[in-house]
Amino acid sequence: MPPLGAASNLLLRLHPPLTLALRRLSISSVSNRDFGHGGTSDPDKNILRAKTSLLKDSSHHIRSSLLTGPALLSDDQTSLLPNQAIGFVASSQANFMRVIVEKPGPDPQNSNSNCSNLLDPRIGTDLLCVVRDLLKKVKRRVLVGDKVIVGSVDWTDKRGMIEDVFERVTEVIDPPVANVDHLLVFFALDQPKLEPFNLTRFLVEAESTGIPLNLVLNKTELIPEEALFDWKERLQSWGYQPLFCSVDKKVGLSAIEEKLKGKTTVLMGPSGVGKSSLINALRGGQNDADEDIMNKLLEQNSKWFGEQRVGTVSTKSGKGKHTTRHVSLLPLAGGGFLADTPGFNQPSLIKVTKRNLAHTFPEIRRMMQESEPSRCSFNNCLHIGEPGCVVKGDWERYPYYLQLLDEIKIREEFQLRTFGTKREGEFRYKTRSGGIKQAEPKLDKKKHRRISRKRINQSIVDDIEDDIFDL
């Protein structure tokens, strides 16, 4: 096992099961199996990603996804005070959020404000908001796209505090955006080079959300026609009908615009593939009128709806450079919103389990549909050569499926050993007037308990044994 930093070592000492999981991971391989299916070592180098995702998920993703407080039901009959408003989060940067007002509270200076709410000039106002501390205590994370209640509104300075969050229709973890109804998986054919396994990870993450998706490949001008045709046939065998475009040459953009009309779309893909350039092209280079309220208040002199910064591809690593640094919803000329998010090299797959992984592969869904009325002999079949399995291993992405399955198994084993099957909640409920349940955080027991010296010494011994074992 490669040497870890101080923070990682501390995490391993706090979670001995994680040390065991990483040790098993170090001595395991995803190559040839005893299940009768042929394997390939091509994606095996990516098994190391499980180590990184285990450390990251244990410290952030697992807890934030498992421990969430209750949300308000999306009800338009919610009564508001004069200093309250309902809106949606359009952007998030640092500890601030930009909320666009959809329904303001009654105006005390206008007695007829309730009757003419559609004409209220406060509708569409941009508010610079912070999140109430209580929401953070009950693990209720506010995402871009959330419909929220804003309190303590100062209509003059255009400030407020997010007090509550309405129930979400959909939620995407990577990138973190709520109430999305369309996903656009965006990759480049070259610069950076298109890697099938990395593309598979993004597609699995997108499929796991249950949200309709489209696959778009950019930079068609960088590869010959024969390679373009080969990629088209290859992706069709995966079960997708890809769209091809060249943002620089303004080719294929009309088909993309048609897919985005009237929808809230998340643009997801690695850095350097041209996401910011696509946004600028789809929005026609709009950079007028709509000032960036948050950055204006923070005296940064930039714009919310201005053109997106465009980066290049690193000549050393061949990977893209990060240019988008925060999540924001950008309005499109044809209607709808496009979520511009920071690029990332690999999704966490935190919501993908070994039970639903197979459903994220169109090839497996097609084989199971074609075999009907026959089905796998076991309800919990993982399609790794079990007796009576209708899914055969003669398709291209089967080694990638095995690779991801092993990674998810290790993560789930760690979750089970660390958190168990049942856990006491970290908040309790109180019923307010009107039968509305309000969450109150409990005191965190054993939060300040010191780790015994014996346990620390034993962890050090285990680390030394692991280092000797690796040699």
Among residues other than Leu213 whose Cβ falls under 12 Å from its Cβ, what is the net charge (Lys/Arg +1, Asp/Glu -1)? -1
Low-density loop trypsin sites (Lys or Arg not before Pro), region 170-279, at most 13 other Cβ within 10 Å, DSSP non-H/G/I/E/B, are Lys193, Lys249, Lys250, Lys261
Give, to the nearest whole percent, the P(r) tail of region 85-167 beyond 20 angstrom, counting all Cα pairs. 30 percent
Here the gain from full extension of Thr431 to Ala94, 0.36 nm per residue of separation minus their alpha-carbon distance, amounts to 118.0 nm
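Quick one: Kirkwood hydrodynamic radius for region 151-256, alpha-carbon pairs, angstrom, one decimal?
16.4 Å
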The local net charge around Ile223, scoring Lys/Arg +1 and Asp/Glu -1 for residues other than Ile223 whose Cβ lies under 11 Å from its Cβ, equals -3
For Asp190 and Thr418, extending 7 Å from Cα along the Cα-Cβ vector and measuring point to point gives, in nm, a value of 4.2 nm
In whole Hz, the Karplus estimates of ³J(HN,Hα) for region 257-274 (6.51, -1.76, 1.60; θ = phi - 60°; x where Gly or Pro) are 4, 5, 6, 9, 4, x, 10, 9, 10, 9, 9, 10, x, x, 6, x, 8, x
Subset of Lys261/Lys351; Lys103/Lys158; Lys147/Lys351; Lys103/Lys261; Lys263/Lys351; Lys103/Lys430 violating a 20 Å alpha-carbon distance limit: Lys261/Lys351; Lys147/Lys351; Lys103/Lys261; Lys263/Lys351; Lys103/Lys430
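Throughout, read-outs are computed from the coordinates displayed, never taken from laboratory work. Source: prediction; values computed, not measured. Methodologically, a virtual Cβ is constructed for each residue, glycine included, from the backbone with ideal geometry; neighbour enumeration extends over all protein chains shown.
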